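The values are calculated or read from the model by the stated rules, or taken from the named source; none is laboratory data. Every value quoted in this text rests on a predicted model; they were computed, and no experiment measured them. Note that each Cβ is placed from the backbone with ideal geometry, even for glycine, and that neighbours are counted across all protein chains shown. Calculation scope for accessible area: heavy atoms of the full protein, side chains included, ligands and nucleic acids excluded. Shrake-Rupley method; radii C 1.70, N 1.55, O 1.52, S 1.80 Å.
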Amino acid sequence: ALQMVDSLRHRGPNDSGVWCDASQQVGIGNRRLSILDLSPNGHQPMWSSGGRFCLVYNGEIYNHPELRIELESAGRHFRGHSDTEVLVEAISQWGVQQALERTNGMFAFAVWDREEQALTLARDRLGIKPLYYSLTPSGLLFGSELKALRANPLFDSTINRDALVLYLQHNYIPAPYSIYENVQKLPTGSMIRVVRDRVS
């Protein structure tokens with residue numbers, strides 16, 4: 001996970017973080033360009049106040065002040081002022097699906113549910129922030145750029161010839177395809193849930 005995070009240094013020069021749980025064979029990491037809450041309270045990966053959810057997130061939640069007020073009224077406590085913390089507390093309060101429905105912004109995120117031992121990947125409805133994933137024989141790899149996946153020794157770099165044809169036809173590769181055979185781009189406004197390497 002550390003190599004994958006380091007490959008994205010250009011995306012977030014201010015801060016980086018990795019969390020791993022060897023017993024569950026899961027690791028998530030983040031490079032951060034600090035914009036909201038420059039303090040350590042904005043550090044990622046970020047845990048929900050109850051300790052169930054661990055989030056890495058890229059983007060901006062436009063309605064985070066309104067969501068924060070609603071969450072505080074529901075009894076949620078905040079340590080800092082980042083939209084990341086609002087998102088992880090919204091997920092903790094309402095669940096991933098409802099939090100997505102109530103969130104207005106541009107984002108891609110991964111959230112680990114410690115209780116259900118499930119990883120969810122999600123993208124915003126406009127699809128501004130990309131998210132790639134690959135199911136390998138040893139598990140799931142994901143990242144906001146293909147460069148992050150290529151940094152992992154498990155990565156399979158076989159070119160997807162059908163995607164190459166799509167690129168020549170459209171001048172881009174539409175989701176869920178990528179230039180690599182075993183890598184998919186999460187479609188706009190969608191999410192996947194992974195439990196023990198099974199995607200739903």
Looking at (1) open to solvent by 40 Å² or more (accessible area, probe 1.4 Å); (2) closer than 16 Å to Leu55 by Cα; (3) assigned to a helix (DSSP H, G or I), find the lone condition where Arg68 falls short. (2)
Tell me the residue from Gln117, Gln169, Gln98, Gln93 that is free of Cβ contacts under 8 Å to residues at least 12 places away in the same chain and either among the small types (Gly, Ala, Ser) or under 20 Å from Trp47 (Cα atoms) (or both), please. Gln98
Can you tell me which of (1) among the charged types (D, E, K, R); (2) buried (at least 17 other Cβ atoms within 10 Å of the Cβ); (3) at pLDDT 95 or above is the one Arg102 doesn't meet? (2)
Tabulated pairs, the stretch 144-165, first under 28 Å from Met106 (Cα atoms), second among the basic types (Lys, Arg), C-beta under 8 angstrom, 6+ apart or interchain: Ser144/Arg11; Ser144/Lys129; Glu145/Arg11
Any idea how many residues of the stretch 151-200 are within 17 Å of the chain's Cα centre (by Cα), open to solvent by 40 Å² or more (accessible area, probe 1.4 Å) and either among the polar types (S, T, N, Q) or farther than 18 Å from Val56 by Cα (or both)? 8
Using the structure shown, decide if Ser73 is over 20 Å from Ser190 (Cα atoms), of a type in the set (S, T, N, Q) and surrounded by fewer than 22 Cβ atoms within 10 Å (Cβ to Cβ). yes
Can Leu55 be described as surrounded by fewer than 18 Cβ atoms within 10 Å (Cβ to Cβ), closer than 26 Å to Ser200 by Cβ and among the aliphatic types (A, V, I, L, M)? no
Selection count, the stretch 116-146, where residues are open to solvent by 80 Å² or more (accessible area, probe 1.4 Å), farther than 21 Å from Asp21 by Cα and out of contact with any strand residue (DSSP E or B) (no Cβ under 8 Å at 6 or more places or on another chain): 1
Among the residues of the stretch 151-161, which ones are out of contact with any Gly (no Cβ under 9 Å at 6 or more places or on another chain) and either within 12 Å of Tyr180 (Cβ to Cβ) or among the hydrophobic types (A, V, I, L, M, F, W, C) (or both)? Phe155, Asp156, Ser157, Thr158, Ile159, Asn160, Arg161
